[in-house]
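My questions will all concern the structure given below.
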Amino acid sequence: MKKGNLSSTDAVEVAIVGAGPYGLSIAAHLSARGIPFRIFGDPMSAWSKRMPKGMHLKSEGFASSLSDPDSAFTLRGFCEERGLPYADTGLPVPVKTFVSYGLEFQKRFVPALEPKTVASIRQAASGFELHLDNGETFFARRVIVAAGIVPYAHIPAPFSTLPRGFVSHSSEHSDVEKFRGQHVIVVGGGSSALDLAALLHEAGANVEVVARTSVIRFHDPPQPRSLRDRILRPTTGLGAGMQLLFYVKAPRVFRLLPRKIRLDRLRKTLGPAPGWFVRDRVVGKVPLHLGVEVSGATVQQNQVTLRLTDRQNGNQTAVADHVIAATGYRVDLERLQFLDPALRVRILTTERAPALSDTFESSVPGLYFVGVSAASTFGPLMRFAYGSDFAARHLSSHLGRLLGHSLLKGRENGHSPDLPTNLTPSY
Ligand SMILES: Cc1cc2nc3c(=O)[nH]c(=O)nc-3n(C[C@H](O)[C@H](O)[C@H](O)COP(=O)(O)OP(=O)(O)OC[C@H]3O[C@@H](n4cnc5c(N)ncnc54)[C@H](O)[C@@H]3O)c2cc1C
């Protein structure tokens, strides 16, 4: 519908921005309740286009499913159907498998997905006015922002001032083949950095890792566990431990904790440690310069020169053809450029993330945020695909109540995928 012949009385009930694990799961649940919605986005694109081909998930198989109302189509079920290797724990999931699963989930549960980009969202008299990249404009009474992590990619100084051909963020590389024969420095000591270093090395690049941390803490591989250990450190989709159990089971209670504690817990929980399965691919194969601070970066003679401050060896320089900043993501509402500035300023924030109600609603009525944008409200669970089950059930049930749509009998309580109890998912 083009502007000119539209009115807010034609508004769709709900618009979902984003087609990753959260957007697709929420769409599946709204669909089951008969709530009218439109959903936009390139399905699973963060995984297919913004993570390196050949990467493996750190989340265990049983914790890497999208959510449908009956928990009928899990990653396990998909792998069984396709004859793909799968284990609940201990067998890293290739990103390729996860992407194929997500795309199949979309075909089965969200066939009406529109693979378009939402260019802007403005507040309107009784909802929101959305503009799509194909020029279409329409109204929605409610908007769910499920735009994921990519908009929050963070390149810190001193790299941020380098010319773009010489520096990139880790999220810009799905194919590292182009670096074959080049000298690449990967900055960072987390899983993105080490995954990329392994893949670059295997693709024939001359790669080095520079990290501030003095030790790379790889996760431990899953081990058989004693009964005592299983009781004291129960298995969850985020790993083993009482605290993680709390984050998984009680995200709504997490929201009630004092702001300072929530932010502190978020910062300290499940850092970016590389998976156990990456260790042998980098240690002894890729030079790791640890305990090193990058204090400056310049381009000279078509190469990047980094000034390094090494706690043991003093100041040094390193030269490379390209620097990849595997420097993580920072949730910051200002980075969601599709939100009209006049709308953005009306959203109350907690350290640049939207402050949300118990039903994922921001201070702008009808505007909801899920996924990593909701992590400072609902905790670490929201940073992982595993949290899509809670988000989809809780939000769709809220919207169902609001709009008078209930689920078919027997589905209301839903259930989470069964957890194996004898193994620790390493995550
Ligand atoms: C290197 C790396 C490894 C990770 N490994 C794991 C792991 O092993 N397990 C795990 O659970 N999590 C992992 N994560 C975290 C992962 O990002 C989240 O779990 C997951 O992607 C969250 O799903 P989502 O739907 O919120 O976002 P995403 O998967 O990022 O999806 C966002 C969607 O929004 C769309 N979109 C964005 N803006 C617009 C717009 N304006 N209009 C239309 N569409 C838009 C995108 O195209 C995309 O489809 C990893 C993250 C990184 C960076």
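The values are calculated or read from the model by the stated rules, or taken from the named source; none is laboratory data. No experiment lies behind these values; they were computed from the predicted model shown. When we count neighbours, we look across all protein chains shown, and the Cβ atoms used for this are built from the backbone with ideal geometry, even at glycine.
Considering only the range 341-389, how many residues are part of a helix (DSSP H, G or I) and farther than 18 Å from Leu245 by Cα?
Selection size over the range 341-389: 8.
Additional query: Among the residues of the range 91-101, are any more than 14 Å from the ligand (Cβ to nearest atom), in contact (Cβ under 8 Å) with a residue 40 or more places away in the chain and touching a helix residue (DSSP H, G or I) at 6+ places or on another chain (Cβ under 9 Å)? Break it down stepwise before answering.
Here is the first cut: in the range 91-101, the ones more than 14 Å from the ligand (Cβ to nearest atom) are 100.
From what is left, the residues that are in contact (Cβ under 8 Å) with a residue 40 or more places away in the chain are none.
There is no residue in the range 91-101 that is more than 14 Å from the ligand (Cβ to nearest atom), in contact (Cβ under 8 Å) with a residue 40 or more places away in the chain and touching a helix residue (DSSP H, G or I) at 6+ places or on another chain (Cβ under 9 Å).
Limited to the range 49-75, what total is found for residues that are of a type in the set (Lys, Arg) and more than 8 Å from the ligand (Cβ to nearest atom)?
Filtering the range 49-75 down to residues of a type in the set (Lys, Arg) leaves 49-50, 53, 58.
Imposing the further condition that a residue be more than 8 Å from the ligand (Cβ to nearest atom) reduces the set to 49, 53.
Count: 2.
Of all residues in the range 357-376, which are within 14 Å of the ligand (Cβ to nearest atom) and farther than 20 Å from Leu130 by Cβ?
Val372, Ala374, Ala375
Identify the residue in the range 240-257 that is aliphatic (A, V, I, L, M), assigned to a loop (DSSP other than H, G, I, E, B) and surrounded by 12 or more Cβ atoms within 10 Å (Cβ to Cβ) and, among all such residues, is nearest to the chain's Cα centre (by Cα). Give the derivation first.
First pass over the range 240-257, keeping only residues aliphatic (A, V, I, L, M): 240, 242, 244-245, 248, 250, 253, 256-257.
After this cut, where a residue has to be assigned to a loop (DSSP other than H, G, I, E, B) as well, the list is 250, 256-257.
When the remaining residues are screened for being surrounded by 12 or more Cβ atoms within 10 Å (Cβ to Cβ), the result is 250, 257.
Numbers: Ala250: 20, Leu257: 23 Å.
Here the answer is Ala250.
For the range 156-194, give me the residue count where each residue is within 15 Å of the ligand (Cβ to nearest atom), assigned to a helix (DSSP H, G or I) and either more than 20 Å from Val292 (Cα to Cα) or touching a Pro at 6+ places or on another chain (Cβ under 6 Å) (or both).
Of the residues in that region, 4 qualify.
Any idea which residue in the range 318-342 is surrounded by the fewest Cβ atoms within 10 Å (Cβ to Cβ), counting only those that are aliphatic (A, V, I, L, M) and away from the ligand (no atom under 16 Å from the Cβ)? Don't jump to the end; show me each part of the working.
So in the range 318-342, the residues aliphatic (A, V, I, L, M) come out as 318-320, 323-326, 331, 333, 336, 339, 342.
Still in the list and also away from the ligand (no atom under 16 Å from the Cβ): 318-320, 323, 342.
Numbers: Ala318: 19, Val319: 12, Ala320: 21, Val323: 23, Ala342: 9.
The qualifying residue surrounded by the fewest Cβ atoms within 10 Å (Cβ to Cβ) is Ala342.
Can I ask one more? What are the residue pairs meeting all of these: first residue in the range 135-159, first residue of a type in the set (Phe, Trp, Tyr), second residue outside any loop (DSSP other than H, G, I, E, B) and within 11 Å of the ligand (Cβ to nearest atom), Cβ atoms under 6 Å, and 6 or more apart or on different chains?
Cβ pairs passing all conditions: Phe138/Leu130; Tyr152/Tyr329; Tyr152/Arg335.
Pull out all pairs, ordered by first then second residue, where Cβ-Cβ is under 7 Å, the residues are six or more apart or on different chains, the first lies in the range 46-70 and is in the same structural domain as Val17 (by TED's automatic domain parsing) and free of Cβ contacts under 8 Å to residues at least 40 places away in the same chain, and the second is more than 8 Å from the ligand (Cβ to nearest atom) and not in a loop (DSSP other than H, G, I, E, B).
Gly61/Leu75; Gly61/Arg76
Working only within the range 74-107, note down all residues that are under 21 Å from Leu381 (Cβ atoms), assigned to a loop (DSSP other than H, G, I, E, B) and hydrophobic (A, V, I, L, M, F, W, C).
Val93
Hey, another quick one. Find the residue count for the range 115-154, including only residues that are in a loop (DSSP other than H, G, I, E, B) and crowded, with 21+ Cβ neighbours inside 10 Å.
Restricting attention to the range 115-154, the residues satisfying the condition of being in a loop (DSSP other than H, G, I, E, B) are 115-117, 125-126, 133-136, 146-149, 154.
Remaining after also requiring crowded, with 21+ Cβ neighbours inside 10 Å: 146-148.
Within the range 115-154, residues that are in a loop (DSSP other than H, G, I, E, B) and crowded, with 21+ Cβ neighbours inside 10 Å number 3.
Between Leu232, Leu194, Leu227, which is touching a Phe, Trp or Tyr at 6+ places or on another chain (Cβ under 9 Å) and among the aliphatic types (A, V, I, L, M)?
Working: Leu232 fails: touching a Phe, Trp or Tyr at 6+ places or on another chain (Cβ under 9 Å); Leu227 fails: touching a Phe, Trp or Tyr at 6+ places or on another chain (Cβ under 9 Å).
Selected residue: Leu194, the only one of Leu232, Leu194, Leu227 that is touching a Phe, Trp or Tyr at 6+ places or on another chain (Cβ under 9 Å) and among the aliphatic types (A, V, I, L, M).
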